[in-house]
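Note sheet for the following structure.
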Amino acid sequence: MVDGRRSDVGRLMGFGLIVMTLTHTLTHVFAPLFKASFPIIREEFGLSIQQLGVIAAIPPLFQAILSIPAGMLTDRFGSKRMLIASLVVAIAGSLLAVFTTNPLMLIVAVSLVQLNTTIYHPASYSYVTRTFTRGDRPKALGVHGAGGTFGMSLGPLTLGLFMGSFGLSWRAVYLFWAFPVLLGTALSLKLVGDEPMNAEYEVETPQPVEEGEPMSLLTKALVIFLIYTAIRTVGMQMIGTFMPLYIVDEKGFSTVQMNFIYGVASLTGLFSAPLGGVIASRLGSKRWLISSISISLVLLALVSVMPGGILFVVVYIVYRFTGTLGMAARSNLVAKLTPSSQRGVGYALMFLPGSIMGAITPILAAYLIGFYGIGSLFPVAMGMYVVSLAILVFLIKERPD
């Protein structure tokens, strides 16, 4: 087994990061697969937009409730054990989805497969940040993030392939992905367990950003960062949750075409996430995060006014590409703002706003659609982007490495 800390090449090609990237891919297959299935599920179960919004909100609600406990368990029992637990939950949820016959079973199945990411993220991000030096961490987080975005593309792509080419149902896709997750579980068993880091790799407890601020996990800087994350998440989820329906209902694409567009757009993260990590390591995490969000905001405005056809597809794919350029920078900022001994809870907190807003945003978005149409989501989402960007620029201070 490669140690992963002996050289620059070894650190970025070690067994640990390979397994983390692979498992990150597998854990992120299911959430976009569920969203890409919206047009099909809507017809099969006879659901309204509002009912779809409620169904989409329930899994994030469970994620929000269990997010902090998952982080605490990571700090208590270690990354490896929690990583394996998350994959077992994913297998259980995917197998239950195969036998779904009503909306209630669907909610339980999707809640399980999305809960796996809640357990997984604190464990995997803790493992990666603990394994790499501060200089290499953004690059490693970029590679790790690429795995997650690749997984987001595989769900819709396999759904389109199974339905369009093989004539199979959406349930077959869940069954198919249960087997790679099982393989990922087997590889995770071979990981080295949590071990003490050398001083070169250990991250010191964050210093107070302002004089008199206590040295603890929940600092003022981290709270402001979480507020920024929550507001930006509203904007992202307003668009992301109902984009499959927007592509089909408003732009005139078929369900199969939509799945390939949605999947290819997610696939761009395979390149943009590591590229963003390299840029963040050179420019600084906050500076690059501001730049990437600004570019995404402009492109989202273009998506909202593009007519259907190839021009819309191109602009949307570029928008999704820029949306993942800042992933590594965001993750690295959290590492700077949290003590290494509480890194599991720190990363649980990073994903907590997404879970909380994920339980609210789909319902809010569904009612906006009901009153004003699906196009009304874009100005609201762009407003959220602007507010979050202002918070990032003026209120969040980045502690130097």
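The values are calculated or read from the model by the stated rules, or taken from the named source; none is laboratory data. Note that the structure is predicted; figures quoted are calculated from it, not measured. Here the Cβ is made from the backbone with ideal geometry for all residues, glycine too, and neighbour counts use every protein chain on show. Calculation scope for accessible area: heavy atoms of the full protein, side chains included, ligands and nucleic acids excluded. Shrake-Rupley method; radii C 1.70, N 1.55, O 1.52, S 1.80 Å.
What does the range 257-401 give for Rg and for Dmax, in Å, if only its C-alpha atoms count?
Expressed in Å, the Cα Rg and Dmax of the range 257-401 come to 16.6, 51.
Order the peptides 307-318, 67-78 from the highest to the lowest mean number of other Cβ atoms within 10 Å of their residues. Before the final figure, lay out each step's value.
Working: 307-318: 14.8, 67-78: 20.2.
Highest to lowest by the protection proxy: 67-78, 307-318.
Taking the Cα centre as origin and putting +1 on Lys and Arg beta-carbons and -1 on Asp and Glu beta-carbons, what dipole magnitude results for the chain, to the nearest 20 debye?
Numbers: 26 positive and 18 negative charges, 67 e Å.
Its charge dipole is roughly 320 debye.
From the alpha carbon gyration tensor of the range 213-273, can you work out the equivalent ellipsoid semi-axes (sqrt of 5 times each eigenvalue) and give them in Å, largest to smallest?
On the way: eigenvalues 264, 42, 7 Å².
Listed largest to smallest, the semi-axes of the range 213-273 are 36, 14, 6 Å.
Can you find, among VAL98, SER292, GLY235, the residue farthest towards the positive end of the dipole of the chain? Put +1 on the C-beta of Lys and Arg, -1 on that of Asp and Glu.
The one lying farthest along the dipole's positive direction is SER292.
Determine the gain in length on full extension of the stretch PHE15-GLU250; use 0.36 nm per residue of separation and subtract their C-alpha separation, reporting nm with one decimal. Intermediate results must be reported in sequence, preceding the final value.
Details: separation 235, 0.36 × 235 = 84.60 nm, distance 4.50 nm.
Working it through step by step, the gained length comes to 80.1 nm.
Would you list the P(r) distribution for the range 345-401, with all Cα-Cα distances sorted into 5 Å bins from 0 and each bin expressed as a whole %?
The calculated distribution, bin by bin, is 4, 15, 15, 21, 19, 12, 7, 4, 2, 1.
Per DSSP helix of 4 or more residues, -39500 (n - 2.57); summed, then divided by the residues of the chain. What does that give at 222 nm, rounded to the nearest 500? Could the numbers behind the result be given before it?
Details: 17 runs with 308 residues, N = 401.
The per-residue figure over the chain is -26000 deg cm²/dmol.
Calculated from the structure, mean projected area of the Cα convex hull in nm² equals which of (i) 18.0; (ii) 21.7; (iii) 20.5?
(i)
Could you sort the peptides 104-110, 46-52, 258-264 by per-residue average Cβ neighbour count (10 Å cutoff), highest mean leading?
Values: 104-110: 18.4, 46-52: 15.4, 258-264: 23.6.
Those peptides, ordered most packed to least, come out 258-264, 104-110, 46-52.
Give the accessible surface of the chain per residue, rounded to a whole number of Å², with probe radius 1.4 Å and ligands, DNA and RNA excluded. Don't jump to the answer; show the numbers that get you there.
Details: 15570 Å² over 401 residues.
Accessible surface, normalised per residue, equals 39 Å².
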